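Before any comments, here is the structure.
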Amino acid sequence: MKKIGVLTSGGDAPGMNAAIRAVVRKAIYHNMEIFGIKNGFQGLIEGNIKKMELGSVGDIIQRGGTLLRSARSAEFKTDAGQQKGIDQLKKHGIEGLIIIGGDGSFRGAQKLTEKGFPCIGVPATIDNDIAGTDFTIGFDTALNTIIEAIDKIRDTATSHERTYIIEVMGRDAGDLALWAGLSGGAESILIPEKQEDFEDIVDRLKRGHERGKKHSIIVVAEGVGSGFDYGERIQEATDLETRVTVLGYIQRGGSPTASDRVLASRLGAKAVDLILAGEAGRMVGIQQNSLVDQKILDVLSKEHQTNIDMYNLSKELSI
Ligand code: F6P
């Protein structure tokens, strides 16, 4: 394989740039030509394709967002859209494609592979909701952004003796909320993977208040519902002054942590190795700090497992 392409798709994640850099540099290291496709699958359909050089990815390892931009494309979900994408790749002589993104992006990668165009997926999403990899690129940075926010909110929560509900992203997954809640010392953590008894949350808050606890932090994953709804219900049930913060898109931005940069560099480079070895329809991942790869089809048919031991621990530590 002499010419390959790279694109980012779906919600952006800090560390995508470090992954693009690794793909571009590793491809050039192996004497391949590398093409960047802008605006995800939509840009692919439109032929927004440009050759990249070593310098194209200089000074980006520390930047959030994605140099290649990202988009969600309805047209690419159709057979005609996918065929247009393949035609554009062939026009440029590109023989393989590395797709950096989440499960929606991998569905696109699988479709192209089934149509005879080899693709390799690199998991990048703040949600950490992809099966077959312990971590996705961007999760660690988003987690640290949340922790910084929780620490700040804790200051004002203490000053005013309030209960704070903090709603975090994660789509249908609870990893961001769980890790943030455990590392932020939250009283309760609400995640979609584990039904929490509302009475239990209320009892915990009341118990804390009775023994002199002046403030409380509750982390709510967006996948369980609105932080504002929980805020109202909790204030009503406890009679404690309650405030709600929805952290929102701040969680998707910022300079990637060292951990995300390392992960992105390792996964990006591994994706090039796979494509060079003639592999197709596979996703690279990390398990117990070792690089792994598996069929995208298998990844899509499974669910990422949230660490329920960690959830139980958080309850033990916030009695
Ligand atoms: O998948 C990343 C994510 O930020 C989710 O946590 C969130 O639910 C979703 O994307 C928001 O999507 P959009 O960028 O389309 O608003």
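The values are calculated or read from the model by the stated rules, or taken from the named source; none is laboratory data. This one's a predicted model, so the numbers in the text were calculated from it and none came from an experiment. Positions of Cβ are backbone-derived with ideal geometry, glycine not excepted, and every protein chain shown enters the neighbour counts.
What the table shows:
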| quantity | calculated |
| --- | --- |
| Residue list for segment 71-101, filter: buried (at least 23 other Cβ atoms within 10 Å of the Cβ) and within 16 Å of the ligand (Cβ to nearest atom) | 76, 99, 100, 101 |
| Members of segment 246-255 that are in contact with a helix residue (DSSP H, G or I) (Cβ under 7 Å, 6 or more places away or on another chain) and either away from the ligand (no atom under 16 Å from the Cβ) or aliphatic (A, V, I, L, M) (or both) | 246, 247, 250 |
| Residues being in contact with an Asp or Glu (Cβ under 7 Å, 6 or more places away or on another chain) and assigned to a strand (DSSP E or B) - total across segment 51-96 | 1 |
| Segment 192-220 - residue that is in a strand (DSSP E or B) and in contact with a Ser or Thr (Cβ under 7 Å, 6 or more places away or on another chain) and, of those, surrounded by the most Cβ atoms within 10 Å (Cβ to Cβ) | 218 |
| Single residue of segment 165-183 satisfying the filter (surrounded by 24 or more Cβ atoms within 10 Å (Cβ to Cβ), not in a loop (DSSP other than H, G, I, E, B) and not aliphatic (A, V, I, L, M)) that is farthest from the ligand (Cβ to nearest atom) | 181 |
| Residue in segment 192-205 that is of a type outside the set (Asp, Glu), within 16 Å of the ligand (Cβ to nearest atom) and modelled with pLDDT of 95 or more present | yes |
| Counted residues, segment 123-163 - those being assigned to a loop (DSSP other than H, G, I, E, B) and buried (at least 17 other Cβ atoms within 10 Å of the Cβ) | 14 |
| Some residue of segment 138-147 being of a type in the set (Val, Ile, Thr), within 16 Å of the ligand (Cβ to nearest atom) and under 11 Å from the mean Cα position of the chain (by Cα) | yes |
| Verdict on residue 261 being part of a helix (DSSP H, G or I) and either surrounded by 16 or more Cβ atoms within 10 Å (Cβ to Cβ) or touching a residue at least 12 places away in the same chain (Cβ under 8 Å) (or both) | yes |
| Count of segment 137-165 residues which are within 30 Å of residue 287 (Cβ to Cβ) and touching a residue at least 12 places away in the same chain (Cβ under 8 Å) | 13 |
| Subset tally (residues that are within 26 Å of residue 94 (Cα to Cα) and outside any loop (DSSP other than H, G, I, E, B)) for segment 264-290 | 17 |
| Selection status of residue 120, more than 16 Å from the ligand (Cβ to nearest atom), in a helix (DSSP H, G or I), touching a residue at least 12 places away in the same chain (Cβ under 8 Å) and of a type outside the set (Gly, Ala, Ser) | no |
| Among residues of segment 1-47, those that are in contact with a helix residue (DSSP H, G or I) (Cβ under 8 Å, 6 or more places away or on another chain) and in a loop (DSSP other than H, G, I, E, B), counted | 12 |
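Here's the yes/no breakdown for (1) more than 22 Å from residue 193 (Cα to Cα); (2) not hydrophobic (A, V, I, L, M, F, W, C):
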site	(1), (2)
224	no, no
258	yes, no
266	yes, yes
275	yes, no
292	yes, no
305	no, yes
310	no, no
313	no, no
